[in-house]
1. Label region 296-340 by shape, choosing from rounded, prolate and oblate, from the square roots a ≥ b ≥ c of the eigenvalues of the Cα gyration tensor; if a/c is under 1.5 it is rounded, and otherwise prolate applies when a/b is larger than b/c, oblate when it is not.
2. Test of understanding: extend the Cα→C-beta vector of Lys294 to 7 Å, then name every residue of region 225-263 with backbone N under 12 Å from that spot.
3. Order these peptides, 277-283, 223-229, by their mean beta-carbon neighbour count within 10 angstrom, highest first.
4. Looking at this model, which pairs from Lys141/Lys280; Lys141/Lys294; Lys148/Lys280 are more than 28 angstrom apart at the alpha-carbon?
5. Using the beta-carbon distance between Asn119 and His315 and R0 = 41 Å, what value does 1/(1 + (r/R0)^6) give for FRET efficiency, to the nearest 0.05?
6. Starting with the highest mean, order 260-269, 309-318 by the number of other Cβ atoms within 10 Å, averaged over the residues of each peptide.
7. Report the local net charge at Gly336: Lys and Arg +1, Asp and Glu -1, summed over other residues whose C-beta lies under 11 Å from its C-beta.
8. Counting other C-beta atoms within 10 Å, which of Tyr152, Tyr166, Tyr145, Tyr212 has the fewest, and how do the rest follow?
Amino acid sequence: MLLLLWVALLPMAGVWARKPKHVKEPPVVEQEVAVEETDTTDLDIHDDFEAMTEGMPVGVLSRLVGDTLFVNCTQDELPRFLIVMTDDGESQYRLMPAMLWGDTSSTHPADSIYPLWMNTRVNPYQTPVDSLKDSIPVSLKGFVYPLKNLTYVTSGFGFRKYRFHYGIDVKVQVGDSIRASWDGQVRIVGWDPRGYGYYVLIRHDNGLETIYGHLSRPLLEENERIYAGEVLGLGGNTGRSTGSHLHYEIRYLGNAIDPATIVDFEHGTLRAPEDYLITKKGTFKHNEEIKQLKQAQYHKVRQGDTLSGIARRYHTSVRTLCKLNNIKETSILRLGQRIRVR
Ligand SMILES: [Zn+2]
């Protein structure tokens, strides 16, 4: 599908031009300006134009009229160095040169919430749920579903056999575009062969962090500014994954939130209201389970083991063992079976 995008450049020419722009009023009357390599009739516009269109695929570019850039392409073809701000989600995009946001050494998204900015660890914050405020308002405005096409959830958030699944798995094909959910800054572009595979972690301006795992290819660099809807990588099957899918996490101060409480994966829309309230009791009600799971201890069944024998050994009761493992006193134990004892 070919969209004609109307593109308004913010009146910040002096900031984003490669060389300082000399004060000159932009043309008031809309007028088509032919811009070619040899065009030197208006150097300022030429320079700006080059800065604006660097890296843009050939054929995508349409024309510059006044200070408005008309682009003829699909959303996917929009060049990454330009930041896409979806206005009405369909036809209007405001493009801003990424270099405006190039220097981010001093501030990062949600600096008032997060104690540090780190490119290595997914959760370096050491902020357990118990230490959070009882309720925290978070704006979900501007949300963009990470996939272009609706697929289906292959695995939900929560317990999985002996571990906790901190995200939601959604079916994708290798090479599918994966998009950022909100505006923010890329904190990690990582490789975790036994877990996430290739993954991207974004800290958003609204205070949430999202993780996109099992990518075939991340398309960003750490510390880059990113906007909602911008393609951050391609879907894949890397890491601990069977069958290509996107592993999607939403976290607040390192603590995972069930994405299904915020996102409606069936429709690719928000489930929660835009003025969302994170609550300790509601949003993090799984926290108790996680705590228990972390304290959990297992016994591997060996020849001659009985439930009463195992109970004695771990100073617990047969009744407790049955409850923890959802088994009956008369259940037959298998060799090698893992029995939770604590
Ligand atoms: Zn997963």
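1. Judged from the Cα gyration tensor, region 296-340 comes out rounded (a/c under 1.5).
2. 255-256, by backbone N distance to the label point.
3. 223-229, 277-283
4. Lys141/Lys294; Lys148/Lys280
5. So, using R0 = 41 Å, E works out to roughly 0.35.
6. Per-residue mean Cβ counts within 10 Å order the peptides as 260-269, 309-318.
7. So the environment of Gly336 carries a net charge of +3.
8. The order, fewest Cβ neighbours first, is Tyr152, Tyr145, Tyr166, Tyr212.
The numbers here are math on the coordinates, done by the rules we state, and not lab data. For clarity, every value in this text was computed on a predicted model and none was experimentally measured. So basically every Cβ, Gly included, is an ideal-geometry build from the backbone, and we count neighbours across all protein chains shown.
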